[in-house]
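S.K.: First, the structure itself, so that you have it in front of you.
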Amino acid sequence: MKAGVDFVIVGGFAGVVQGCTYVTQDIDLCCDFTPSNLLAMQKAISDLHPVHQMTAGRKKLELTETTCRQLKNLHLDTDIGQLDCLNFIDGLGDYQKVKRASELIEVEGMQLRVLGLDSLIEAKKAMNRPRDKEAIVQLEAIKRLKSQKN
Amino acid sequence: MATSVLKLNPFILNPCGETFILEIMAAKTRQNGQKSNPWQTDEVQAAIDYGIDVSMLMANIGRTPTERIIRHQIALNTAEKLRKARHL
């Protein structure tokens with residue numbers, strides 16, 4: 001965020017920020033996949049020693065303007081865990097649509113974009129994976145509890 | 001005195017006493033259920049049925065996002081320690 005990278009926190013970690021009680025090991029981001037943004041992200045996380053998860057020999061992340069244009073998703077391993085960067089979220093759409101569905105949440109003085117509850121539920125339902133069932137149940141309960149609290 | 005007896009013993013008011021008492025008991029149970037669970041809704045009940053500890057969700061809603069992330073990190077670290085211990 002400080003490095004000027006455009007991203008929205010999505011997936012399981014967004015659920016944690018919204019109040020879910022499960023534990024997730026990776027962080028999913030929906031990013032603007034323009035070369036300038038990806039290069040800014042590469043610079044911002046360079047001290048975390050990012051490598052490609054899905055390449056033989058865990059190839060170091062070395063993006064260039066040319067390679068950025070060919071990317072659709074980035075699945076990285078870093079010193080602090082897995083980081084998945086996606087340019088499209090099922091049920092929602094591309095980065096611009098995801099950004100519109102996000103909300104600004106303050107975390108330790110930083111304003112982070114996190115996918116909103118309704119959109120998170122929508123995305124999880126669209127994925128239709130058995131492992132998302134618990135997340136959907138938790139998110140729907142949180143939505144109801146929050147509305148009753150307010 | 002007579003009034004209180006009538007209130008306490010609805011059987012006297014109804015010739016089919018047993019059914020009547022059961023109906024009152026069921027109504028009371030429903031009423032108590034509503035009183036003790038003001039948060040109860042379909043979504044919350046679905047979470048309970050799924051096995052989710054809703055009191056933990058409610059506690060989490062009362063926390064700030066930063067506090068939620070810190071607690072998640074503690075849980076993740078604990079899970080990681082347990083995973084490593086299993087392989088020792």
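Every residue, every condition in (1) out of contact with any strand residue (DSSP E or B) (no Cβ under 8 Å at 6 or more places or on another chain); (2) charged (D, E, K, R); (3) within 14 Å of chain B (Cβ to nearest Cβ), yes or no:
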| position | (1), (2), (3) |
| --- | --- |
| A:82 | no, no, yes |
| A:91 | yes, no, no |
| A:94 | no, yes, no |
| A:99 | no, yes, no |
| A:104 | no, no, yes |
| A:117 | yes, no, yes |
| A:134 | yes, yes, yes |
| A:138 | yes, no, yes |
| A:146 | yes, yes, yes |
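S.K.: Any residue that is within 14 Å of chain A (Cβ to nearest Cβ) and either surrounded by 10 or more Cβ atoms within 10 Å (Cβ to Cβ) or modelled with pLDDT under 65 (or both) - is there at least one of those in region B:2-23?
M.R.: So the first thing to find is which residues in region B:2-23 are within 14 Å of chain A (Cβ to nearest Cβ), and the list is none.
So far as region B:2-23 goes, no, none of its residues is within 14 Å of chain A (Cβ to nearest Cβ) and either surrounded by 10 or more Cβ atoms within 10 Å (Cβ to Cβ) or modelled with pLDDT under 65 (or both).
S.K.: Inside region B:64-88, can you point out the residues that are more than 18 Å from residue A:20 (Cβ to Cβ) and either part of a helix (DSSP H, G or I) or at the interface with chain A (Cβ under 9 Å from one of its Cβ atoms) (or both)? Let's see the steps before the verdict.
M.R.: Filtering region B:64-88 down to residues more than 18 Å from residue A:20 (Cβ to Cβ) leaves B:80-88.
Answer for region B:64-88, where residues must be more than 18 Å from residue A:20 (Cβ to Cβ) and either part of a helix (DSSP H, G or I) or at the interface with chain A (Cβ under 9 Å from one of its Cβ atoms) (or both): B:80, B:81, B:82, B:83, B:84, B:85, B:86.
S.K.: Limited to region A:1-23, what total is found for residues that are over 18 Å from residue A:88 (Cα atoms), crowded, with 18+ Cβ neighbours inside 10 Å and at pLDDT below 95?
M.R.: Total satisfying the criteria: 0.
The values are calculated or read from the model by the stated rules, or taken from the named source; none is laboratory data. None of the values given here were measured: they were computed from a predicted structure. Reconstructed Cβ throughout: ideal geometry from the backbone, glycine too, with neighbour counts over all protein chains shown.
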